[in-house]
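The values are calculated or read from the model by the stated rules, or taken from the named source; none is laboratory data. Keep in mind it's a predicted model, so treat the numbers as computed, not measured. Here the Cβ positions follow ideal geometry from the backbone for every residue, glycine too, while neighbour counts run over all protein chains shown.
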Amino acid sequence: MNHLLVENKDGVALLTVNRPKVLNALNEEVLKELRSALAALEEDSGVQVVVLTGAGEKAFVAGADIAAMANMTPSAALGFAREGQQVLLTIERMRKPVIAAVNGFALGGGLELALACDFIYASEKARFGFPEVTLGIMPGFGGTQNLSRLIGPKRASELVYSGRMIDAGKAHEWGLVNDVLPAAELLDSAEKTARQIAANGSLGVAAAKDALVSGLNMSKEDGFRYESTLFATLFATDDQKEGMAAFLDKRKPDFKNK
């Protein structure tokens, strides 16, 4: 991979978009590498959680690569948008949680990438926005859909239509990010939470993610039924037996993820 770094440790994979000279901007090659890397991490039994971040101190991902988009035809633009959406859907459909550690600018496609993650930790230096309308276009990687579902249509409309940026404090106030941290503590905090998740039964975590993500597209009654079905299937696993036995024995569980 030319534009990504992957580091695995203690069940946690740190996946870094590594184009700091262009603020980690997304082009077609980066999108394809992201899909490939995420698919490989999904299949890696040694990885339980992924932390996604950007290289350098300025940007998580500052957006799509404008130089690569400037002369696109409508047909090419459709293909580019669909490729970006597939990366987001890959993240959402992964059984493993993905945490975004936003260390700087998360704009346009970068914010869309963060929104696809299960939750977001932000540096105090982080800035969020959809500047696409200032370029005569609009978000195309699923941002209009994911943002409105997360923070509501009124606030999403304000952010998308204006093209302005908000700081980490406002993003936290609006429910866009889970926590705001000093820049020096961001990755440590994200990885600490990732390790806490990785220590749990991965089958239970995967089922919980399935229920949370899938339930957004169901009625509440259908979501309840889906949740109870997933809940019941876990009682056929060794992890359920081990987890409850460990609780009763007052010891730490030894999950085997089966």
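Observations on the structure shown:
- The residue of segment 15-35 that is farthest from the chain's Cα centre (by Cα), among those that are part of a helix (DSSP H, G or I) and of a type in the set (D, E, K, R), is Lys21.
- Among the residues of segment 177-198, those that are out of contact with any His (no Cβ under 9 Å at 6 or more places or on another chain) and in a loop (DSSP other than H, G, I, E, B) comprise Val177, Pro182.
- Contacts under 7 angstrom Cβ, first residue in segment 214-238 being within 28 Å of Gln145 (Cα to Cα), partner part of a loop (DSSP other than H, G, I, E, B), 6 or more apart: Tyr226/Met218
- Exclusive hit being outside the structural domain of Ala207 (by TED's automatic domain parsing), touching a strand residue (DSSP E or B) at 6+ places or on another chain (Cβ under 6 Å) and not in a strand (DSSP E or B), set Leu159, Leu111: Leu111
- Each residue in segment 199-237 was checked for being part of a loop (DSSP other than H, G, I, E, B) and either closer than 23 Å to Cys117 by Cα or aliphatic (A, V, I, L, M) (or both), and 7 of them qualify.
- Of all the numbered requirements in (1) touching a strand residue (DSSP E or B) at 6+ places or on another chain (Cβ under 9 Å); (2) of a type outside the set (D, E, K, R); (3) at pLDDT below 95; (4) surrounded by 17 or more Cβ atoms within 10 Å (Cβ to Cβ), Gly46 misses one, and that requirement is (4).
Residues are listed down the side, and each one gets a yes or a no for (1) surrounded by 14 or more Cβ atoms within 10 Å (Cβ to Cβ); (2) farther than 21 Å from Arg93 by Cα:
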residue	(1), (2)
Asn200	yes, no
Ala206	yes, no
Asn217	no, no
Glu221	no, yes
Glu227	yes, no
Thr237	yes, yes
Glu242	yes, yes
Leu248	no, yes
Lys256	no, yes
